[in-house]
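Structure, as structure tokens:
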Amino acid sequence: MSSSSALLKHCVVQFADLGLVYHVKQPPVLRLPGGAPSSIEPAVVVGLPPVLTDVKSFLVDKLRTFETADDVYQPIFSERGTFIFQYDKEPSYLEKAPEAVAELFDSSRSRLVFHSVTDTKPLPEGPYFWSGNAVYQTWRLYADDLRAFVLATIPSSVLSSKYAFEPLLATSSYGNELAVAVPSRLYTPRSPELPLNGLRVSVKDNVHLEGVKTSMGCRAYVDYYGPQPETAAYVKKLIDMGTPPNQTIDYFAPWNPRADGYLRPAGSSSGAGASIAGYAWCDVAIGTDTTGSGREPARAAGVQGLRLSGKSLPMDGVVPSSEEFDSLAILTRSLDELREFTSLSFDGTLSTKLPNKILYPTDWMPYKMPEQQQLNEKFLAAMEDVLGVKHTKINLASMWKESPPAAAEGKSIAEYLENTGFWLMYYDNYHTFDDFREGYKRKFGKEVYVSPSQRWKWDLGAKVTPGQRAQGLRECEVYREWVQQHVLTRDSEGNGEAVIILPLGNAKPDYRDQESGPPSIVKSFEPKYFGSVLGLPQIVTPVGQLAYESRISHRREFVPVIATIAGARGKLNGFQTFSLVPRLPFKRQRCYAG
């Protein structure tokens, strides 16, 4: 029936004929009296109600519900395993249960155990394994064939903290890919106390998990820093609400499952985009966004993405790139999931007041590709219908020229911001890792190795002076104040009054096997930097797709097309902007994995 390793710390059970692989999670959650299998056997826990007229129909409906709601439970748990019927008070119909099971399943391969929970806490219903009287949770193992994960984690079996994790020592059946373990959704029904129960979340590898080495996509970083002593503050919050994380992003670029499978995944949160686009068993991905590293993967993978307004959620335990521009990013497949997950992440009541202005910056719009522009115009028209207003064309450069801040001293907006982002970002990115570079050299007697692009950034950042960084910060603050006064204004209650349409990327194939151009410094007055420098919340949502002839598959493929809008800076305004998008007709276009 199955093959298994010894029942040690990391036990794997494989049903080879069905292509199913499971991790048997330690420690046991229950010990049953009486006889039990000496080997590892599947089991399914079913709670019995006090009154029941038709046991067979009850079981059929219950197992059908399990199969519909959960990918960890499979019919093999009931067809070849043990039914553990649990009840509070022994029901009068209990003697009918063996007959019902015998009618449904081969009696030679299924058995029954009755378990009274009068004096104990009942187990969550669903699939389990048991051996030697001990009952264990089972987590299903999925192969990471997109290479989206640098590490698969499970809750620590050694450390007592509920925020602690340990690496899962398992690979795919063929041994050339990581295996990622996911718990049964049946174990964690949602409740007001645990509103995120059952959701599966991946986190970027610059987010600390207690007991796990943060990799930062850099082998030298892993070598120098040991397991982290504390989990990031935001991840703790997610765990408190019922969802355990896994770590994404690899040393090499993950595979983008869209189109022909050979397009670039884009951005340093590319593992987040790949895991959401490619794996139905992953619900939410947490990334970071400094200058587009959360937005770009959403665009490339054709999924929903939200760059949160700067520092609207705690960044403690997240390795910074540039603290002034860093933000968390959330990726999902549906807008409803994104809205729900984001709203639960914030404390307190959030504004849902809608904006009364749609701004269309002619500095950067329209898109150069007519087909891409047409799809964005449909999105724009839908926004106009929802809000009951027409969009307003603006030119930021002209508005600056007409009403410049005094600090500009006659400079155009592009001239004033020429070095703003560069000074801030490159100074921070270099000095954030002072301890890493110096400590690594002391410990190993050699220079740290980082990627050529990161080394290029460090070489530039080392030349930026503290005075230049301070000037960049002053310019950034002037720019933010000017935009708040003249562009993304707020009402008397602090709600944003406008949203702005922004371009992001081109809807054309970008093959991963093409050599990338040399790195270059992006000026601050650019559409992608607009949200970063100003610390704005920005939503990326798919609005369609465009066909192309693939040189890889030699057939017609489709590349995602997205639209993106940003709102006024601040936590409340981030949600206010976000509340607009689910009202658009595009909300029904859920993205599907694969």
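Quick note: the coordinates plus some simple rules give every number you see, no bench work behind them. Since this is a predicted model, take the numbers as computed values, not measurements. Cβ atoms come from the backbone with ideal geometry, glycine included; neighbour counts cover every protein chain shown.
Annotations for the structure displayed:
- Convex hull volume of region 456-496 per residue (C-alpha atoms, cubic angstrom): 98
- Ranked from largest, the principal axis spans of the Cα set of region 344-466 equal 65, 45, 38 Å.
- Charged-residue dipole, Cβ positions (Lys, Arg, Asp, Glu), region 143-345 about Cα centre, Debye nearest 20: 300
- Set Lys353/Lys528; Lys204/Lys528; Lys213/Lys441; Lys353/Lys401; Lys213/Lys443 screened for pairs whose C-alpha atoms are more than 24 Å apart: Lys353/Lys528; Lys353/Lys401
- By the count of other C-beta atoms within 10 Å, a proxy for reagent exposure, His554, His23, His208 are ordered fewest to most as His554, His208, His23.
- Label-point separation, Arg555 to Thr432 (7 Å along Cα→Cβ), nm: 4.2
- Reach of Lys368 by Cα under 14 Å, taken over aspartates and glutamates that are not fewer than 8 positions away in the same chain: Glu377
- Label-to-label distance, nm, for residues given as Lys411 and Tyr511 (7 Å Cα→Cβ offset): 4.2
- Relative contact order, whole percent, for the chain stands at 13, derived from Cα pairs under 8 Å and 6 or more residues apart.
- The equivalent ellipsoid of the chain has semi-axes of 48, 28, 22 Å, largest first, where each one is the square root of 5 times an eigenvalue of the Cα gyration tensor.
- All C-alpha to C-alpha distances of region 122-198, sorted into 10 Å bins beginning at zero, yield P(r) values of 16, 37, 38, 8, 0 percent in whole numbers.
- Rg of the Cα atoms in region 265-413, relative to 2.2 N^0.38 Å, amounts to 1.22.
- Sorted on the mean count of surrounding Cβ atoms within 10 Å across their residues, most packed first, peptides 286-297, 57-68, 321-332, 75-86 read 286-297, 321-332, 75-86, 57-68.
- The three principal axes of the C-alpha atoms in region 3-138 carry coordinate ranges of 41, 33, 28 Å, sorted with the longest axis first.
- Region 143-345: antiparallel DSSP beta bridges as a percent of all, rounded to 5: 65
- Charge dipole magnitude, Cβ of K and R +1, D and E -1 - the chain, Cα centre, debye nearest 20: 580
- Within region 124-150: backbone nitrogen closer than 18 Å to the Thr68 label point (7 Å, Cα to C-beta): 125-127
- Alpha-carbon geometry of region 143-345: the Rg and the Dmax are 15.5, 45 Å, given in that order.
- Region 3-138: Lys pairs at Cα distance under 27 angstrom, eight or more positions apart or on different chains: 12
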